[in-house]
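Each remark here refers to the structure printed beneath this line.
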Amino acid sequence: MHADREDFLEALASADPTPGGGSAAAHVAACAAALVAMVARVTIERADEPPPDLLDLVATADETRALLSEATTRDARAYEAVLEALRRPRSTDAERTSRRRAVQAALVVAAAVPMSVAESSAAVLRLIERLAPVARASTLSDLAVASHLAFAALSSAIVNVEVNRASIDDPEECDRLKTTGESLLDRATRQHTAALAVIEKRS
């Protein structure tokens, strides 16, 4: 496991175009989900009467972490597909049309992957909001770190959505991505702030 993590960081530090910022955002969000699961598990194990919904919260955090971990690879593959489409021949009108369609299709996917990372990061923030009032006191700093990581991952993922959105020709898709991203970021800002306020009050 540690070797896999070091391999990822080595790849991230290389001059290769992938993995890049999108994969990094997914990785950070996965770390946030893992911290949430840890805090919930410690709270369950150390409490005389843990809140009954914490087991469901742990399961959701674990499922979200798995999705985000997978997204680190999916993001790299999506960008590689864009590069492959851009390398298509364009000597004739037919080739140019085919290339343009391939690029546009690849860009839509390349925007969808970081949007899914943003949505999963938002789900982690919702879990943190639920957990903050009941988490064991000794884990509150871990939960605060999870909130910072999830918020950073979400805002970073939206940056990657916007980069791809700028090259998408479909105005309806562009508007949908913009509206969804703005809504996620606005809600996440409020969730992050609220969770930190609860954690600070209990610390």
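The values are calculated or read from the model by the stated rules, or taken from the named source; none is laboratory data. None of the values given here were measured: they were computed from a predicted structure. A quick note on method: Cβ atoms are made from the backbone with ideal geometry, for glycine too, and the neighbour counts reach across all protein chains shown.
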Of all residues in the stretch 181-203, which are closer than 24 Å to Ala106 by Cα and touching a residue at least 24 places away in the same chain (Cβ under 8 Å)? Gly181, Leu184
Is the stretch 126-140 home to any residue that is in contact (Cβ under 8 Å) with a residue 40 or more places away in the chain, more than 19 Å from Val42 (Cβ to Cβ) and not hydroxyl-bearing (Ser, Thr, Tyr)? yes
State which residue is nearest to Glu162 (Cα to Cα) when the search covers only the stretch 1-51 and only residues that are assigned to a loop (DSSP other than H, G, I, E, B) and within 16 Å of the chain's Cα centre (by Cα). Gly20
Restricting to the stretch 167-203, and then to whatever is acidic (Asp, Glu) and not in a helix (DSSP H, G or I), can you tell me which residue is surrounded by the fewest Cβ atoms within 10 Å (Cβ to Cβ)? Asp169
Of all the residues that make up the stretch 55-73, how many are surrounded by fewer than 21 Cβ atoms within 10 Å (Cβ to Cβ) and either farther than 10 Å from Ser23 by Cβ or not β-branched (Val, Ile, Thr) (or both)? 11
For the stretch 159-180, which residues satisfy the criterion of being touching a residue at least 24 places away in the same chain (Cβ under 8 Å) and more than 23 Å from Ala85 (Cβ to Cβ)? Thr180
Can you pull out every residue in the stretch 86-113 that is surrounded by 13 or more Cβ atoms within 10 Å (Cβ to Cβ) and not in a helix (DSSP H, G or I)? Arg88, Arg90
Flag if Val39 is in contact with a Ser or Thr (Cβ under 7 Å, 6 or more places away or on another chain), at pLDDT 95 or above and within 20 Å of Ser147 (Cβ to Cβ): yes
Collect the residues in the stretch 35-49 that are surrounded by fewer than 20 Cβ atoms within 10 Å (Cβ to Cβ) and in contact (Cβ under 8 Å) with a residue 12 or more places away in the chain, keeping them in residue-number order. Met38, Arg41, Val42, Ile44, Arg46, Ala47
Considering the stretch 128-166 alone, what residues qualify as being of a type in the set (D, E, K, R) and either buried (at least 24 other Cβ atoms within 10 Å of the Cβ) or in a helix (DSSP H, G or I) (or both)? Glu129, Arg130, Asp142, Glu162, Arg165
